[in-house]
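Peer 1: The structure that follows is given in the form of structure tokens.
The values are calculated or read from the model by the stated rules, or taken from the named source; none is laboratory data. In this text, all values refer to a predicted model and were calculated from it rather than measured experimentally. Methodologically, a virtual Cβ is constructed for each residue, glycine included, from the backbone with ideal geometry; neighbour enumeration extends over all protein chains shown.
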Amino acid sequence: MSEPFGQYLRQKRETLLKQDRAYTVRKFAATVGVQPSYISKVEREEVGPPSEATIIRMAEVLHEDPDVLLALAGKVSADLRQVILKRPRLFADLIRQLKDAPDHALLRVVREVRDGQW
Amino acid sequence: MIELKRDALVFSFPEVHPSAVLSVDFQRTLRIPDDDKDYPLPPGLGRFPVRHVDDYAANVPKSWIEHGGVMLPMYQAEALWLNFGSEDVEDRDTPYPFAVMIATGKVNAVSGGTWRNGIHRRPQQDYVVVPEQPWLDGYCVEKGIIRQFVAMPLGAGYTTEEQITGKAEHGGLQIVAYPMKRDVFERRFPKHQRERVCYSAPMPCCCEAPSSMGLAPGGRMRQEIYDDPYDISDWDLDHGSRCFVHITNSMVWRQVSGENPPTTPPTSKEYTDAGLPWFEWYDDKNNPLAGNEALAGMKSVVQMGTQKGDVPLPENQSVTPQHVTALRKGLRRGQVREFEEQKTRDSQQIYM
């Protein structure tokens, strides 16, 4: 998770390319809606990560979680930003307190859809 | 457990298998004409917003809190389809299989039966199998034909629930998912070298919640509901999860949730006139179920309206789809008949 965004992007795209020619730089760029040269630059870390909308589009095309790609790019999605801004102190505190918690403990705070009496 | 992620219900069963994860989302779509012609599959126009009912306890009927679950907004006479997805299992070249039972107003959408716990193959299969069944657009009325899910107010006599049971009690959608047993999954799919190859004002109704909606049978559409290719004993009935999906009228969604509802979708005529594609799905490896007599015997919304002297579906003109895109089994994960706004309105570029 700590690898640079461009490196991660390239590795995911090339893994998919082994099975599907739709993941050449040219075709991937066309599907995402950017220039192939831009993809090459992003993958080589010659430019900074793309905009949030482009990263979300890339995640869809690569079947990746957009939050993971955004995090690698040092960004937080607009919807998460809104959530945090409503109660910034509380969420900052919550995240700091949970930073070292193991996955199984974090899963306990994930909210489930409640089932009731039908 | 069931979580709500980006407007999709995510059913996960880590106690069965780490990859036993099923997602179900609710796609906005065109309402196909209810004119007794058979239409191809309409597109997906994006997900309906879905919210926890508990977050709006002060604004929803008490019965919704008793039921638990989630809610979504639909305009009267708006249509919807269910989009299923399950996670690929590494080294097994397949998504994890699930048996999924869907009911509307607690009437089974596949068998027409009233609510029963568990899944059944006799006298008629009452569930769909995912990933074999990628979507469900309506009620199984004939072999290869469904009637589209169309939202109507509960209590006005149109919904499937009212037509089959004579009561307007539940409304909404009910979904239950069962994963395949882990040992069966591992036996059937052994590890191998990976080769990933009217939008009108609500009608008056007599029920507890004036905004409660149910689903009713709309126009006819070509869609096969597949026979379970596995054994009924392959499903892990000890690990089912279920969710009640309440439907509220979009006209009051803002009052209930504080958010604006999605805009009204285009009519079939507007969509077709714009030259946009419809879809056909082919899967010659799975056998379609026969339709259900009870479901086939229901009156469509227009037929019921005629009987009542109402015009329940505005803008119900017949259309002749000119561009029909064939989709075949074997789509990559994440590929659905989804309309993508970011792309041009070119049939070649609509995601398939």
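Peer 1: Consider B:Val100 against the criteria (1) over 19 Å from the mean Cα position of the chain (by Cα); (2) at pLDDT 95 or above: it satisfies all of them except one. Which criterion is unmet?
Peer 2: Answer for B:Val100: the failing condition is (1).
Peer 1: Condition first: within 30 Å of B:Gly305 (Cβ to Cβ), of a type in the set (Phe, Trp, Tyr) and either within 12 Å of chain A (Cβ to nearest Cβ) or in a strand (DSSP E or B) (or both). Now tell me which residues in the stretch B:1-49 satisfy that.
Peer 2: Result: B:Phe26, B:Tyr39.
Peer 1: Still on this structure: When you go through B:Val197, B:Val150, B:Val184 one by one, which is the residue that is modelled with pLDDT of 90 or more, surrounded by fewer than 19 Cβ atoms within 10 Å (Cβ to Cβ) and among the aliphatic types (A, V, I, L, M)?
Peer 2: B:Val184
Peer 1: Can you find a residue that is under 18 Å from B:Pro179 (Cα atoms) and in contact with an Asp or Glu (Cβ under 7 Å, 6 or more places away or on another chain) anywhere in the stretch B:103-117?
Peer 2: no
Peer 1: Tell me, which strands (runs of 3 or more DSSP E) wholly within the stretch B:120-187 include 3 or more residues that are touching a helix residue (DSSP H, G or I) at 6+ places or on another chain (Cβ under 8 Å)?
Peer 2: Because the criterion is at least 3 residues that are touching a helix residue (DSSP H, G or I) at 6+ places or on another chain (Cβ under 8 Å), the strands (runs of 3 or more DSSP E) in the stretch B:120-187 that meet it are B:138-142, B:145-153.
Peer 1: Kindly indicate the residue of the stretch A:102-118 that is aliphatic (A, V, I, L, M) and part of a helix (DSSP H, G or I) and also nearest to the other protein chains (Cβ to nearest Cβ) among those meeting that condition.
Peer 2: A:Leu107
Peer 1: Could you check the stretch B:1-32 and list, in sequence order, the residues that are in contact with a helix residue (DSSP H, G or I) (Cβ under 6 Å, 6 or more places away or on another chain) and under 17 Å from B:Glu280 (Cβ atoms)?
Peer 2: Passing the criteria: B:Leu30, B:Ile32.
Peer 1: Evaluate the stretch B:75-98: report whether one residue or more is in a loop (DSSP other than H, G, I, E, B), away from chain A (no Cβ under 11 Å) and small (Gly, Ala, Ser).
Peer 2: yes
Peer 1: Condition (residue is of a type in the set (Ser, Thr, Tyr), touching a Ser or Thr at 6+ places or on another chain (Cβ under 9 Å) and modelled with pLDDT of 95 or more) applied to the stretch B:105-126: is it met by at least one residue?
Peer 2: For the stretch B:105-126, residues of a type in the set (Ser, Thr, Tyr), touching a Ser or Thr at 6+ places or on another chain (Cβ under 9 Å) and modelled with pLDDT of 95 or more: absent.
Peer 1: Looking for whichever is surrounded by 12 or more Cβ atoms within 10 Å (Cβ to Cβ), of a type in the set (D, E, K, R) and not in a helix (DSSP H, G or I) here; the options are A:Glu3, A:Glu45, A:Glu14, A:Glu60. Which one fits?
Peer 2: Only one candidate passes the filter, namely A:Glu45.
Peer 1: Checking B:Gly240 against (1) in contact with an Asp or Glu (Cβ under 8 Å, 6 or more places away or on another chain); (2) within 14 Å of chain A (Cβ to nearest Cβ), which single condition isn't satisfied?
Peer 2: (1)
Peer 1: Mind telling me which of the residues B:Glu293, B:Glu280 ends up being touching a Pro at 6+ places or on another chain (Cβ under 8 Å) and surrounded by fewer than 19 Cβ atoms within 10 Å (Cβ to Cβ)?
Peer 2: Result: B:Glu280 is the single residue among B:Glu293, B:Glu280 that is touching a Pro at 6+ places or on another chain (Cβ under 8 Å) and surrounded by fewer than 19 Cβ atoms within 10 Å (Cβ to Cβ).
Peer 1: Looking at B:Gly219 and the list (1) crowded, with 20+ Cβ neighbours inside 10 Å; (2) among the small types (Gly, Ala, Ser); (3) part of a loop (DSSP other than H, G, I, E, B), which single condition is not satisfied?
Peer 2: (3) is the only condition that B:Gly219 fails.
Peer 1: For the stretch B:34-56, give me each residue that is crowded, with 23+ Cβ neighbours inside 10 Å and in contact with a helix residue (DSSP H, G or I) (Cβ under 6 Å, 6 or more places away or on another chain).
Peer 2: B:Asp34, B:Val53
Peer 1: Restricting to the stretch B:255-292, and then to whatever is touching a strand residue (DSSP E or B) at 6+ places or on another chain (Cβ under 9 Å) and in a helix (DSSP H, G or I), can you tell me which residue is nearest to B:Leu80 (Cα to Cα)?
Peer 2: Looking at the filtered set, the residue picked out is B:Ser268.
Peer 1: State yes or no: is B:Gln174 over 20 Å from B:Leu313 (Cβ atoms), within 14 Å of another protein chain (Cβ to nearest Cβ) and at pLDDT 95 or above?
Peer 2: yes
Peer 1: Being surrounded by fewer than 23 Cβ atoms within 10 Å (Cβ to Cβ) and either at positive phi or out of contact with any Leu (no Cβ under 9 Å at 6 or more places or on another chain) (or both) is the requirement here; does B:Glu66 meet it?
Peer 2: Yes.
Peer 1: Please state which of the following conditions B:Arg254 fails to meet, knowing it meets all the rest: (1) at pLDDT 90 or above; (2) away from chain A (no Cβ under 14 Å); (3) surrounded by 13 or more Cβ atoms within 10 Å (Cβ to Cβ).
Peer 2: It fails just one condition, (3).
Peer 1: Here is a follow-up. Does A:Ile84 satisfy being in a helix (DSSP H, G or I), among the β-branched types (Val, Ile, Thr), surrounded by 12 or more Cβ atoms within 10 Å (Cβ to Cβ) and more than 14 Å from chain B (Cβ to nearest Cβ)?
Peer 2: Taking the combined requirement at face value, the residue satisfies it.
Peer 1: Still on this structure, I have one more. Give the residues of the stretch A:1-38 that are away from chain B (no Cβ under 13 Å), within 26 Å of A:Arg81 (Cα to Cα) and not small (Gly, Ala, Ser), sorted by residue number.
Peer 2: Across the stretch A:1-38, the qualifying residues are A:Met1, A:Glu3, A:Pro4, A:Phe5, A:Gln7, A:Tyr8, A:Leu9.
Rundown of residues vs (1) within 18 Å of A:Gln11 (Cα to Cα); (2) away from chain B (no Cβ under 14 Å); (3) surrounded by 14 or more Cβ atoms within 10 Å (Cβ to Cβ), yes/no style:
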{"position": "A:Ile56", "(1), (2), (3)": "yes, no, yes"}
{"position": "A:Asp65", "(1), (2), (3)": "yes, no, no"}
{"position": "A:Arg96", "(1), (2), (3)": "no, yes, no"}
{"position": "A:Asp100", "(1), (2), (3)": "no, yes, no"}
